[in-house]
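The values are calculated or read from the model by the stated rules, or taken from the named source; none is laboratory data. Because the structure is a prediction, the values reported are computed rather than measured. Counting neighbours? That spans all protein chains shown, and the Cβs are built from the backbone with ideal geometry, glycine included. Just so you know, the surface numbers come from the protein's heavy atoms only, side chains and all, with ligands and any DNA or RNA stripped out. Shrake-Rupley method; radii C 1.70, N 1.55, O 1.52, S 1.80 Å.
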Protein chains: 2
Amino acid sequence: MIKHALSVTREADFAAWYQSVISEADLAEESGVRGCMVIRPWGYGIWERIQRLLDDRIKATGHENCYFPLFIPLSYFEKEAEHVDGFAKEMAVVTHHRLIADGNGGLTPDPSAKLEEPLVVRPTSETVIGTAFARWVQSWRDLPVLINQWANVVRWEMRTRMFLRTAEFLWQEGHTAHATADEAREETLKMLEVYREFAQGCLALPVVAGEKPENERFPGAVATYSIEAMMQDGKALQAGTSHFLGTNFAHAQNIRFQNAEGELDYANTTSWGVSTRMIGGVIMTHGDDDGLRVPPRIAPWQVVIVPMLRDNDEDAAIVDYCKALQADLAKQMALGEPIRALLDLKPAKAATKRWGWVKKGAPIVIEVGGRDVAGGNVSVIRRTALYREDGKLNSAILPRDAFVGEAAAMLEAIQGDLFEQAETRMKAAIAPIDDWADIERMFAETGGRPGWADVRWSKPTGEALEKVVERLKALKLTIRNAPLGQTGTDTGACIFTGEPAVERVLIGRSY
Amino acid sequence: MIKHALSVTREADFAAWYQSVISEADLAEESGVRGCMVIRPWGYGIWERIQRLLDDRIKATGHENCYFPLFIPLSYFEKEAEHVDGFAKEMAVVTHHRLIADGNGGLTPDPSAKLEEPLVVRPTSETVIGTAFARWVQSWRDLPVLINQWANVVRWEMRTRMFLRTAEFLWQEGHTAHATADEAREETLKMLEVYREFAQGCLALPVVAGEKPENERFPGAVATYSIEAMMQDGKALQAGTSHFLGTNFAHAQNIRFQNAEGELDYANTTSWGVSTRMIGGVIMTHGDDDGLRVPPRIAPWQVVIVPMLRDNDEDAAIVDYCKALQADLAKQMALGEPIRALLDLKPAKAATKRWGWVKKGAPIVIEVGGRDVAGGNVSVIRRTALYREDGKLNSAILPRDAFVGEAAAMLEAIQGDLFEQAETRMKAAIAPIDDWADIERMFAETGGRPGWADVRWSKPTGEALEKVVERLKALKLTIRNAPLGQTGTDTGACIFTGEPAVERVLIGRSY
């Protein structure tokens, strides 16, 4: 019987386990500000790795970064009625620009400093970026415009959960304008593919890329695509979206250009984004009952060296040995980058530090004591193989040089193992289903973790779609997406309407 | 007589020239949101380079990045009375969390969604980070806490100027807590030195590091230090600050720890920051009448290749030649990094593109036409040597391979030249002055660009200091700082009080 590092298991209470990982791995904490979290160094370090790796991909596909204002005048939202509907209920509104003493020792907004036009803290930047596009785009020569922004955004959520749904969150939002609808559609799918490859290759998150149903579209979009990841409780997490906006935003914001024939055309636009929510997906995909397991590509530190010091004369030799080890590791390349090795010299007991790094999910933890120095060894703990068969900690003594030589391969194996475990689990939890009755059976048990159903549908619209949505809602289900790459040869009846199906969609519970 | 690329010169109208560089170099533009700018790709690319280079230095000195909430509850400010005084007049206040239809087709803040406690958009994060420190710091073992945040902040400025003073700006803010005042003072000066080295080594900005006078301290600080750069109009730009906060914030926020003797002590804290304002400093230090000149270390693209295409059969060969050149340049290391080379294939005339890159300040612009391909040559324009003696564009034809071999040295020379030019100018414009009458003479001419006076003073405090400040204010002057490294052997009379001086300070006009 293994005694795990966390006091709550995934099996016993998945939601409590999730909060426990965030707290025990020092990822984030409540800030005292409603719905906003403090992202602590280990959590922010993971975000920095995500930013670096994804930013490289965004730039490699021809996009440039810009920065647009945090505040958006109310009137910008009024222009785009459909867009407003989607966000109107949950925006932070700045109404004053000064505070004054309230006469009771406190402060209050100065009534004489009320803004003529309230400012909205951006929930997303289509309106303000579209306004800039209208200035930038005059001729077909100015197209395409391919830009991206890394920023904080605010949506006033009633129920918040760290990383998954917070009032303020960090994200990137890509915005592009094109001369034709075809080019804009191609861009939308290109960035979806960038997200898919990034999620699988860097986060080790298996995902299904597909098109969202009409009712789940981004407000104002012609088509919305997503990558959907499966958490260990079987629920879906929408981990990234890419929207083809057609000329809807261009009409609202007057993004027009003179085409090669000298006529005025509306541009076709796209937008696409991923956020700190991805970190929630990493936790719920790779975490275990000992805490987080961070895929090496996004681990701020891939190898953590913990010296076992005893406040005696041997200590200096141990620290020197560890420093040389750290330097040699930093010269090795793993997964295309120099290995990121940390020597943890904080004043705490070695065992406390070891378990701290296990809970944080550092891929490899090295312990070095006097005996290791004498023997030219290191004690190696791999986060993905923490326990031996007898339930004891699996700490392997390896010759120091052999470990340095193998470290890169070990990190690459851990990256691969995490993806493979998650992919096997996801595949096993997607069930092809032909009858509605089987859907009800599959999702009936309240305590179960049923995964997703893979069903045929006739892609109804309007009222017929609303009926489908209601029927699913009764079981707390939603259509996640219609996976890309369907050949159209899979024929049969729609599970909802009985009419001839046009494609397959995935159905599940979600975050 | 050279015909320069900008229509306004530094000599004719420095302020108009500054705006012209920002616009012609595509650095930033007005956003339509009061006091907020859009930072365009070239401007944001410079900021990304600044971030990368400074972040490396912040991490190398042991700091970790975190993220804290954008919103700060009003009550946090009420705790720190002195701090509030410094910022109270200029904060954006969120009072509502929902918009509703106003009945006239518009939107309005929902009266039923008024926040119980207004939220302030952070003008700086001492209060919210201090609250976190109070949670994190329990024992001496938890110290020092060394963190940094890259974030947007908002200060409601009445008069704004792009990059120099905007309502929203981007910055980094370091915050640290220490067991002793000595350690905190050491940290304050260490980060000031990081800023000094970074400004000089990366931005090619000569700066004077020193302590601000009491009246210029950050609200709540025990001591404030700055780096001051001199613009081409002789004015000072405070380009970075580092504050020793003593236990002032620790008292307000209850940051206490058990020391090694088991007693409760207040922590000593520091904070330090630089912002997008630095880009304004780069413009006003290195810009000329043809636009910006970007120091190679912070240039998003160091070498820009412009193919001279003629819409004929030769074009493909020219583009291939340029691609191979770009690839070979990317293999060279300059200033410790691979050379960043761009091939500009946008649909525009070569001459338009050339002048576009000159105005943007790319360090080296290469033009390649059919004749260059035939001869195995490239035409090289160095941004720091744009014209020949006869006033014509200085475009040198070099053998292609010779250029590739020399490109790194050329970039390093440009980086060095920019610093040297600016340093020579600054040194020549600092005048040691002993008499107040000479100060009046120096700063009397309204049209002149007098630089700074270097004077002795007795470091008065309280009312005596206020008098000095008033006297300077009448001439639109301020004390910039007391340069570090003074030996104390330079004795004489205070230029203000006539009393024995204790140090020298720099006096000048400023942004």
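Observations on the model:
- About the centre of its Cα atoms, region A:430-508 shows a dipole size close to 260 debye [charges on the beta carbon of Lys, Arg (+1) and Asp, Glu (-1) only; nearest 20 debye].
- Per-residue shielding of A:58-68, expressed as the average number of other chain Cβ atoms within 10 Å of the residue Cβ, stands at 4.
- Label geometry 7 Å along the beta-carbon vector: residue B:311 inter-copy distances in nm: 8.3
- Förster-model FRET efficiency, 22 Å R0, residue B:388 and residue B:425, C-beta, rounded to 0.05: 0.40
- Prolate/oblate/rounded call for region B:301-416, Cα gyration tensor, a/c under 1.5 rounded: oblate
- Label 7 Å beyond Cα on the Cβ vector: residue B:396 copy-to-copy distances, nm: 5.8
- Residue (of A:468, A:491, A:481) at the positive-pole extreme of region A:430-508, dipole from beta-carbon charges: A:481
- Label separation (residue B:409 vs residue B:181): 5.5 nm, computed from points 7 Å beyond Cα along the C-beta direction.
- Across the identical copies, the 7 Å label point of residue B:488, projected outward along Cα→Cβ, sits 8.7 nm from its counterparts, in ascending order.
- Peptide B:46-55 has a mean shielding of 1, counted as Cβ atoms of other protein chains within 10 Å of each residue's Cβ.
- Antiparallel content of DSSP bridges confined to region B:301-416, in %, to 5: 60 percent
- Rounded to the nearest 20, the size of the Cβ-charge dipole of the protein assembly as shown about its Cα centre is 60 debye, with Lys and Arg at +1 and Asp and Glu at -1.
- Förster radius 51 Å - calculated FRET efficiency between residue A:311 and residue A:15 (Cβ-Cβ, nearest 0.05): 0.75
- For the protein assembly as shown, adding -39500 (n - 2.57) for each run of n ≥ 4 DSSP H residues and dividing by the number of residues yields -10500 deg cm²/dmol at 222 nm.
- Taking Cβ atoms as reference points and 10 Å as the exclusive limit, the residues near residue B:345 contribute a net charge of +2, counting Lys and Arg as +1 and Asp and Glu as -1.
- Report note on the peptides B:218-231, B:105-118: ranked by the mean count of other C-beta atoms within 10 Å, highest first, their order is B:218-231, B:105-118.
- Qualifying trypsin sites (Lys or Arg not before Pro) for region A:264-314 [loop in DSSP, other Cβ within 10 Å: at most 12]: A:310
- Debye, to nearest 20: dipole size of chain B, +1 on Lys, Arg Cβ, -1 on Asp, Glu Cβ: 1040 debye
- Chains B and A, summed buried accessible surface - 1.4 Å probe, Å², nearest 100: 5600 Å²
- Of the trypsin sites (Lys or Arg not before Pro) found in region A:471-511, those that fall in a DSSP loop while having at most 13 other beta-carbon atoms within 10 Å are A:476.
- Excluding same-chain neighbours fewer than eight residues apart, the aspartates and glutamates reachable from residue B:353 by a Cα-Cα span under 12 Å are B:344, B:367.
- Cβ-Cβ FRET estimate between residue A:61 and residue B:52, R0 fixed at 22 Å, reported to 0.05: 0.65
- Shielding by other protein chains, B:108-120, mean Cβ within 10 Å: 4
- Per residue, the average separation of C-alpha pairs within less than 8 Å and at least 6 apart gives region A:318-367 a relative contact order of 22 percent.
- Intensity falloff of region A:396-466 expressed as log10 I(q)/I(0), Debye formula with alpha-carbon point scatterers, at q = 0.15, 0.19, 0.20, 0.21 Å⁻¹: -0.72, -0.90, -0.95, -0.99
- Averaging the sequence gap over all C-alpha pairs within less than 8 Å and six or more residues apart, then dividing by the number of residues, gives chain A a relative contact order of 14 percent.
- C-alpha center-to-center spacing [region A:416-438, region B:364-392] in angstrom: 61 Å
- In terms of packing, defined here as the mean over residues of other Cβ atoms within 10 angstrom, the peptides A:398-409, B:451-462 line up highest first as B:451-462, A:398-409.
- Cα gyration tensor shape of chain B, rounded if a/c is under 1.5, else prolate or oblate by comparing a/b with b/c: prolate
- Rounded to the nearest 5, the antiparallel percentage of DSSP beta bridges internal to region B:430-508 is 75%.
- Which listed pairs, of A:89/B:114; A:235/A:459; A:346/A:392; A:190/A:459, have C-alpha distances above 19 Å, in listed order: A:235/A:459; A:346/A:392; A:190/A:459
- The residues A:17, A:355, A:140, B:436, sorted by heavy-atom accessible surface at 1.4 Å with ligands and nucleic acids left out, run A:140, A:355, B:436, A:17 from largest to smallest.
- Cα shape, the protein assembly as shown, gyration tensor, a/c 1.5 rule: rounded
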